[in-house]
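For reference, the structure discussed in these notes is given below.
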Amino acid sequence: MSPRVSMPVSSWGRLCSPEHSVEPLLDRARAAHIVRASAPGLAYGNGRSYGDVCLNPGGTLWTMRGLDRFIEFDPANGRLECEAGILLADIIKIVLPQGWFLPVTPGTQFVTVGGAIANDVHGKNHHRLGTFGRHVSRFELVRTDGTVLRCAPDENADWYGATIGGLGLTGVITRAELQLRPVPGPWLEVEYLPFGTIDEFFALADDSEEGFEYTVAWVDCAASGPRLGRGIFMRGNHVPGDDPAAPPAARCMWFTPPFSLVNRLSLRIFNELYYSTHRLRAGRRRVPYLPYFYPLDHVLEWNRIYGQKGFFQYQSVVPRIASRDATHEMLATIARSGTGSFLAVLKTFGNVASPGWLSFPMPGTTLALDFPNRGANTEALFTSLDAIVRAAGGRLYPAKDARMPRDLFVSGYPRLDDFLRYRDPGIRSALWQRLMPEMK
Amino acid sequence: MTTKLSRILIIGATSAIAQATARLFAAEGAHLYLVGRDPLRTAAAAADLRVRGATEVATATLDANDILHHAEVLDAAWSQWRGFDAVLVAHGVLPNQQQSQASVEAALTSFDTNARSSIAILTDLANRFEAQGAGVIAAISSPAGGRGRASNYVYGAAKGALAVFLSGLRQRLHAKGVRVLTILPGFVDTPMTISFKKGPLWSSPEKVAAGIKQAMYSGFGEVYIPGYWRWIMAVIKMIPERLFVRVKI
């Protein structure tokens with residue numbers, strides 16, 4: 001008796017909440033049976049992807065959070081095997097006191113391992129350790145025809161490459177083995193450096209990659225004219241230290257305001273304050289890992305701040321050769337629009353190759369920021385940004401996307417043709433139907 | 001002050017609430033003995049708890065309705081670490097009320113699991129704890145057992161029977177150094193309740209687990225989780241029958 005329930009489900013951007021038939025996967029042994037019996041469908045982890053990559057309106061969602069068990073952990077060598085619905089937060093809680101940490105972590109710890117693989121997420125240390133998928137030594141893939149594949153770099157290598165960054169379209173990932181990395185403790189030493197222009201940002205990035213594992217910059221997306229491109233560069237390394245005091249309890253955004261609280265005025269005020277404060281506090285500081293890696297996790301359901309209509313995240317990457325000009329042009333375009341988000345992130349990606357055929361990162365520069373949904377105005381801005389990304393030979397991140405034009409997807413992911421042969425015909429997502437309608 | 005509960009037996013160990021509670025005890029380095037119906041799921045839960053810090057995890061397979069085998073399974077469990085500091089009886093099913101109204105068999109099947117099998121295993125457990133002269137017996141009943149309602153009285157009747165049984169057991173074992181707890185979780189968002197619309201009165205299994213663990217350490221008697229259910233149920237129980245038959249709650 002499997003419960004089959006219809007309920008509205010939305011992604012992190014809260015742009016829509018279509019009805020889905022929800023089918024929880026609770027037990028590895030029965031996963032293949034349920035997936036086969038209820039296909040077509042799509043695996044849904046913790047719903048932290050922003051757009052429609054995790055949605056299948058009107059269809060089935062296999063909810064994965066019930067598959068949240070550890071399978072084995074060897075503290076001697078940092079090998080961790082777990083079910084795919086476990087959260088990165090749960091892993092860190094167990095392994096960090098034993099001297100291990102995730103080799104790559106995205107900006108929230110509230111994503112599942114399966115979601116991290118399917119979107120081949122990255123973090124602030126991309127220039128050192130590449131994407132999350134590089135540290136997945138193997139995983140199990142359940143196809144909707146009932147077959148179960150073990151995938152590793154040397155076993156079903158094609159399925160391994162297609163599934164990492166494969167947007168959940170090749171099958172359902174049910175368990176995975178990760179190679180963790182040792183850390184001296186839960187602290188980082190972080191240096192905060194204000195910069196005034198894009199050129200200064202690139203100089204700092206080039207200068208920092210050698211000596212710092214983590215590099216990232218906050219950029220003031222509201223600044224224009226001579227202030228365009230100003231921001232705060234943050235670079236850090238793990239350092240030893242005792243357990244930090246427990247962080248204050250997370251706050252929660254309890255309500256959804258009728259309109260976005262992020263607007264032209266609040267953005268200018270916040271950004272001015274943020275920039276000035278960090279300029280005054282520039283220098284080196286020791287910071288516990290939680291606020292460093294996951295500043296937004298401190299406010300649960302912060303996505304509600306953008307109001308009833310939800311928001312988009314726009315994350316692009318442009319190749320190194322075009323990085324400076326394209327980034328400058330994008331920031332100028334965004335500043336002119338008067339919209340954007342408090343958190344705008346600029347980061348250079350390194351040369352470490354991604355194992356996934358559809359992985360997002362490439363050597364170059366990525367820019368990510370949120371935009372409240374203002375309908376046609378927002379789309380007009382995105383169209384201008386698309387043109388810059390397209391001309392620069394860049395691409396957009398499907399995990400964040402709810403609207404990219406098809407041509408940008410096709411041109412951005414040259415291995416798409418290889419990928420198509422591995423797509424599971426029993427899997428369907430809103431993103432796929434939007435971008436590849438002829439594929440069903 | 002309170003001594004650590006380090007040897008814990010869990011009946012119905014793969015239920016969402018039991019699993020969440022076991023994880024909290026695992027984090028303290030407890031010895032956990034898991035009894036579950038499905039050997040694969042029980043083994044998966046055991047592996048999980050080992051990684052989460054349990055000092056040792058043992059498992060046994062038992063369908064709670066298979067009453068003839070209770071003693072055998074409990075014998076084996078008792079010999080593992082020579083007794084237990086605590087037991088959590090957490091198995092149960094949520095019957096479909098409509099089916100239970102239409103079919104005598106459906107009504108009695110769920111009653112067997114929720115009341116008969118629980119009373120059977122608690123009778124055996126009680127004697128073992130009494131002989132030990134110490135320990136905590138916690139069993140999961142439900143506020144639904146406080147008063148029969150049209151929407152779930154078959155489930156409620158079984159949980160009510162269990163609550164009355166536990167109340168008597170508590171009195172009997174009080175002088176023997178054994179603390180008996182009736183755990184009364186409100187609405188919990190688990191696979192058992194997936195088809196329900198969730199509202200502000202719903203809790204996560206993790207939150208309920210924290211309440212259970214706290215109760216097992218220092219709680220007494222009937223423990224509502226979250227605590228406000230005590231007041232909700234007090235009000236519901238006070239409504240006169242003449243009025244109660246007319247309201248839909």
Along the principal axes of its C-alpha atoms, what lengths does the range A:70-183 span, in descending order and rounded to whole Å? 41, 28, 26
Placing unit charges on C-beta atoms (Lys and Arg positive, Asp and Glu negative, everything else neutral), compute the dipole magnitude of the protein assembly as shown about its Cα centre in debye, rounded to 20. 1940
Fraction of the pair-distance distribution of the range B:1-112 above 22 Å, Cα-Cα pairs, percent: 36
How many angstrom separate the Cα center of the range B:115-141 from the Cα center of the range A:150-223? 52
Return a whole-number percent for the relative contact order of the range B:149-239, with Cα pairs under 8 Å and 6 or more residues apart as the contact set. 27
Please list, in order along the range A:46-62, the HN-Hα scalar couplings obtained from phi with the Karplus expression 6.51 cos²θ - 1.76 cosθ + 1.60 (θ = phi - 60°), rounded to whole Hz, x for Gly and Pro. 9, x, 9, 6, 7, x, 10, 5, 9, 10, 8, x, x, x, 8, 10, 8
Would you list which lysines come within 20 Å of B:Lys198, measuring only between C-alpha atoms, while excluding same-chain residues fewer than 8 positions from it? B:Lys207, B:Lys248
In the P(r) worked out for the range A:225-274, what percent of Cα pairs fall beyond 17 Å? 69
Cβ-Cβ cut-off under 14 Å around A:Val410, Lys and Arg +1, Asp and Glu -1: the net charge is -1
Based only on other Cβ atoms within 10 Å, what is the fewest-to-most ordering of A:Cys16, A:Cys151, A:Cys54? A:Cys16, A:Cys151, A:Cys54
Quick check of the Kirkwood formula: for the range A:171-291, what is the inverse mean of 1/r over all pairs of different Cα atoms, in Å? 17.4
Per-residue mean of C-beta atoms belonging to partner chains within 10 Å, peptide B:47-55: 5
Quick one: B:Asp63, A:Asp297, fewest Cβ neighbours within 10 Å first, how do they rank? B:Asp63, A:Asp297
With the cut-off at 1.5 for a/c, could you classify the range A:304-440 from its C-alpha gyration tensor as rounded, prolate or oblate? oblate
Sparse-neighbour loop sites [trypsin sites (Lys or Arg not before Pro); the range A:249-290; at most 14 other C-beta within 10 Å; DSSP]: A:Arg281
Between helix A:323-337 and chain A, what is the angle of the helix's C-alpha long axis to the longest principal axis, kept within 0 to 90° and rounded to the nearest 10? 80
Aspartates and glutamates within cross-link reach of B:Lys213: Cα-Cα under 15 Å, excluding same-chain residues under 8 positions apart? B:Glu28, B:Asp85, B:Glu222
Measuring from centroid to centroid over Cα atoms, what is the spacing of the range A:270-294 and the range A:338-392 in Å? 23
Total Lys pairs in chain A closer than 22 Å by alpha-carbon, pairs eight or more apart in sequence or interchain only? 6
Over chain A: helical MRE at 222 nm, DSSP H runs n ≥ 4 each giving -39500 (n - 2.57), nearest 500: -7500 deg cm²/dmol
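Placing unit charges on C-beta atoms (Lys and Arg positive, Asp and Glu negative, everything else neutral), compute the dipole magnitude of the range A:187-412 about its Cα centre in debye, rounded to 20.
It works out to roughly 720 debye.
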Return A:Ser11, B:Ser100 ranked ascending by Cβ neighbour count within 10 Å, so the fewest neighbours appear first. B:Ser100, A:Ser11
Please give me, ordered by residue number, the GluC sites (Glu not before Pro) of the range A:203-251 that lie in loop per DSSP and have at most 11 other Cβ atoms within 10 Å. A:Glu210
Under the Karplus curve 6.51 cos²θ - 1.76 cosθ + 1.60, θ = phi - 60°, whole-Hz ³J(HN,Hα) for the range A:399-412, x wherever Gly or Pro sits: 4, 9, 8, 10, 7, 5, x, 4, 4, 6, 5, 5, 6, x
Alpha carbon centre of the range B:36-58 versus the range B:95-112: separation in Å? 32
Once amide H atoms are placed 1.01 Å from N in the peptide plane, what residues at a sequence separation of 5 or more from A:Gly393, or on another chain, have their amide H within under 5 Å of its amide H? none
Normalised alpha carbon radius of gyration of the protein assembly as shown [divisor 2.2 N^0.38 Å]: 1.04
Residue (of A:His122, A:Leu358, A:Pro398) at the positive-pole extreme of chain A, dipole from beta-carbon charges: A:Pro398
Under the Debye formula (equal points on every Cα, no solvent term), log10 I(q)/I(0) of chain B at q = 0.10 Å⁻¹: -0.46
Using θ = phi - 60° and Karplus 6.51 cos²θ - 1.76 cosθ + 1.60, couplings along the range B:100-113 (whole Hz; Gly, Pro as x): 5, 6, 7, 10, 4, 5, 4, 4, 6, 4, 5, 5, 4, 5
Restricting to DSSP loop positions (anything but H, G, I, E, B) with no more than 10 other Cβ atoms inside 10 Å of their own Cβ, which chymotrypsin sites (Phe, Trp or Tyr not before Pro) remain in the range B:19-113? none
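Coordinate-derived values only; no laboratory data. Predicted model, so just to flag it, every value in this text is computed and none were measured. Here Cβ is always computed from backbone atoms with ideal geometry, including for glycine, and neighbour counts include all displayed protein chains.
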